[in-house]
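A.B. asks: Input: one structure, supplied below.
The values are calculated or read from the model by the stated rules, or taken from the named source; none is laboratory data. Quick caveat: nothing in here was measured; it's all calculated off a predicted structure. Every residue, glycine as well, gets a Cβ built from its backbone with ideal geometry; the counts of neighbours run over all protein chains shown. Keep in mind that these areas ignore ligands, DNA and RNA; they rest on the heavy atoms of the full protein, side chains included. Shrake-Rupley method; radii C 1.70, N 1.55, O 1.52, S 1.80 Å.
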There are 2 protein chains.
Amino acid sequence: MDYFSGYISALIEQLSQLPGIGTKTAQRLAFHIVSQPEEKAKRLAGSILEARKNVRYCKECCTLTDAEICPICSNSRRDKQTIMVVETPRDLAAYEKTGKYEGVYHVLHGAISPMLGIGPDDIRLRELMKRLAGDVKEVIIATNSSLEGETTAMYISKLIKPTGIKVTRIASGVPVGGDLENIDEVTLLRALEGRTQL
Amino acid sequence: MDYFSGYISALIEQLSQLPGIGTKTAQRLAFHIVSQPEEKAKRLAGSILEARKNVRYCKECCTLTDAEICPICSNSRRDKQTIMVVETPRDLAAYEKTGKYEGVYHVLHGAISPMLGIGPDDIRLRELMKRLAGDVKEVIIATNSSLEGETTAMYISKLIKPTGIKVTRIASGVPVGGDLENIDEVTLLRALEGRTQL
């Protein structure tokens, strides 16, 4: 790639290390970045440095935030007795967008995956168990419905059962607006098993 | 989005201004960036600043480079009498990858688009015309085969014709390995018009 500037090649290389960014996308982004006013490039670079420098884990729920306690955990109107366990801050964001969940969260930062060598000690499970020593009524497990997510859900529920705290799992089934013919068999069977009376 | 850190929200905002990056992708990238070692974030930010600072237009062909004259124009083995006109440095890169083109390039940095208000003066056309005063035998127009690319090709060829320099256009047709049934009608008609005897 020496027909590009060495600096552009270096930028393309850096960008293509981001998840989901291939060489072509990295090229497109790099040329966009260098074609813009220098001010814009500085703002982008600055926000990367600032975000990385100032971000830390919330002492309560382990989500990424810039305060000791995240805005959700420090909100007195949230129900601290209900904890929803999610894999990533993005999953937390997805549930927050619904605007209907009033409890708090616990972010695991991953899921148990024997295939990838990720065990229970590699995710923020110990922090969750510590929180359960407090006044908690229900733990809602909202890990993904992938193999790893299901494994993690099973593991956590077994761990919590002895404490007597109620453990629930979000429902699995046909997505709203989903066309049955385009949905995989496992989901269809799940939806059948989880049917409710009308 | 105040359930994220203000710094992360700012980073998501910056990233989502990049072309082809929506809010969801920006979120994914932002969380990836802040979850990595600080060293990596610094390297990414540094390469953005370095690339933007050091990049300039080649004095000959107008591509983006970090020297006065780009590596292709300063390569004595390239045929300076043949100029391929492309819209962007990425198009140049695409032809360079073939490894078979021995001439030089001219990068327009855009295409004429009356719809978007981009006229002949907004792309690097004047620079191309200046180069034609030198010893040039052929100008190969390799703008995209979009409406804008075709308009630009027509415009350039009319501009060059009076100089007596040979002007050619890259062939338009069915891509190699393409399935006829999946190809649009315009391309199919082009392929028919441009048929060659076997």
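A.B. asks: Between segment B:71-86 and segment A:34-57, what's the alpha-carbon centroid distance in Å?
C.D. replies: Taking the Cα centre of segment A:34-57 as reference, the centre of segment B:71-86 is 37 Å away.
A.B. asks: Between chain A and chain B, with a rotation axis joining them, whose C-beta in A is nearest that axis, and what is the whole-Å distance?
C.D. replies: A:45, 2
A.B. asks: Here's another thing I want to ask about it. Would you please name the trypsin sites (Lys or Arg not before Pro) within segment B:35-118 that are DSSP coil residues with at most 12 other C-beta atoms within 10 Å of their C-beta?
C.D. replies: B:77, B:100
A.B. asks: Hey, got the average number of other protein chain Cβ atoms within 10 angstrom for residues in B:82-95?
C.D. replies: 2
A.B. asks: Give me a single rounded figure for A:8-14: the average over its residues of other chain Cβ atoms within 10 Å of their Cβ.
C.D. replies: 6
A.B. asks: Using the structure shown, select from A:24/B:137; A:40/B:53; A:59/A:100 the pairs with a Cα to Cα distance greater than 22 angstrom.
C.D. replies: The answer is A:24/B:137; A:59/A:100.
A.B. asks: How about segment A:145-198: which trypsin sites (Lys or Arg not before Pro) there are in a DSSP loop, with at most 15 other Cβ atoms within 10 Å of their Cβ?
C.D. replies: Counting only loop positions with at most 15 other Cβ atoms within 10 Å, the trypsin sites (Lys or Arg not before Pro) in segment A:145-198 are A:195.
A.B. asks: What range in chain B is the longest one free of GluC sites (Glu not before Pro) that are in a loop by DSSP and have at most 12 other Cβ atoms within 10 angstrom?
C.D. replies: B:103-198
A.B. asks: Oh, and also: Which cross-chain or sequence-distant (5 or more) residues have an amide H under 5 Å from the amide H of residue A:169, H modelled 1.01 Å from N in plane?
C.D. replies: Counting only residues 5 or more places away or on other chains, the set is A:141.
A.B. asks: Further question on the same structure: Can you compute the helix-only [θ] at 222 nm over chain B? Use -39500 (n - 2.57) per DSSP H run of at least 4 residues, normalise by all residues, nearest 500 deg cm²/dmol.
C.D. replies: After summing the helix terms and dividing by the residues of chain B, the value is -12500 deg cm²/dmol.
A.B. asks: By DSSP, what percent of the beta bridges with both residues in chain A are antiparallel, rounded to the nearest 5?
C.D. replies: Restricted to chain A, the bridges split so that about 20 percent are antiparallel.
A.B. asks: Charges only on Cβ, +1 for Lys and Arg, -1 for Asp and Glu: so what's the dipole of the protein assembly as shown about the Cα centre, in debye to the nearest 20?
C.D. replies: 780 debye
A.B. asks: Just grab the label-to-label distance for residue B:172 and residue B:154, each label 7 Å out from Cα along the Cβ direction, in nm (one decimal).
C.D. replies: For residue B:172 paired with residue B:154, the spin-label model returns 1.0 nm.
A.B. asks: Inter-copy label distances at residue B:6, 7 Å along the Cα→beta-carbon direction, one decimal in nm, shortest first?
C.D. replies: Distances between equivalent label points, in nm: 4.1.
A.B. asks: Once Lys and Arg get +1 and Asp and Glu get -1 on their Cβ, which of B:17, B:48, B:84 lies farthest toward the positive end of the dipole of segment B:1-101?
C.D. replies: Farthest towards the positive end: B:84.
A.B. asks: Return the value, in Å² to the nearest 100, of accessible area buried between chains A and B (probe 1.4 Å, both sides summed).
C.D. replies: Chains A and B together bury approximately 5000 Å².
A.B. asks: Relative to the other copies, what are the label-point distances for residue B:120, with labels 7 Å from Cα along the C-beta vector, expressed in nm at one decimal and sorted shortest first?
C.D. replies: Once sorted, the set of distances for residue B:120 reads 7.5 nm.
A.B. asks: In the protein assembly as shown, with Lys and Arg counted as +1 and Asp and Glu as -1 at Cβ, which of these residues, B:187, B:71, B:129, has the Cα nearest the positive end of the dipole, that is, farthest along it?
C.D. replies: Of the listed residues, the answer is B:71.
A.B. asks: If you count only protein heavy atoms with a 1.4 Å probe, what accessible area per residue comes out for the protein assembly as shown, rounded to a whole Å²?
C.D. replies: 56 Å²
A.B. asks: Same structure again: Skipping prolines and chain starts, which residues have an amide H placed within reach, meaning under 5 Å, of the one on residue B:103, given they are 5 or more residues away or on another chain?
C.D. replies: Sorted by chain and number, the residues that satisfy this are B:79.
A.B. asks: Under unit Cβ charges (Lys, Arg +1; Asp, Glu -1), what dipole magnitude, rounded to 20 debye, does segment B:1-43 have relative to its Cα centre?
C.D. replies: 200 debye
A.B. asks: What average number of partner chain Cβ atoms lie no more than 10 Å from the Cβ of the residues making up B:36-46?
C.D. replies: Counting other chains' Cβ atoms within 10 Å and averaging over B:36-46 gives 5.
A.B. asks: Under a 10 Å cutoff between Cα atoms, tell me which one of B:175, B:89, B:71 has the largest fluctuation in the Gaussian network model of chain B.
C.D. replies: It is B:175.
A.B. asks: Work out the length of the dipole vector of chain B about its Cα centre, built from +1 on the beta-carbon of each Lys and Arg and -1 on the beta-carbon of each Asp and Glu, and round it to the nearest 20 debye. Don't skip to the end; give the middle numbers.
C.D. replies: Values: 26 positive and 25 negative charges, 134 e Å.
Roughly 640 debye, rounded to the nearest 20.
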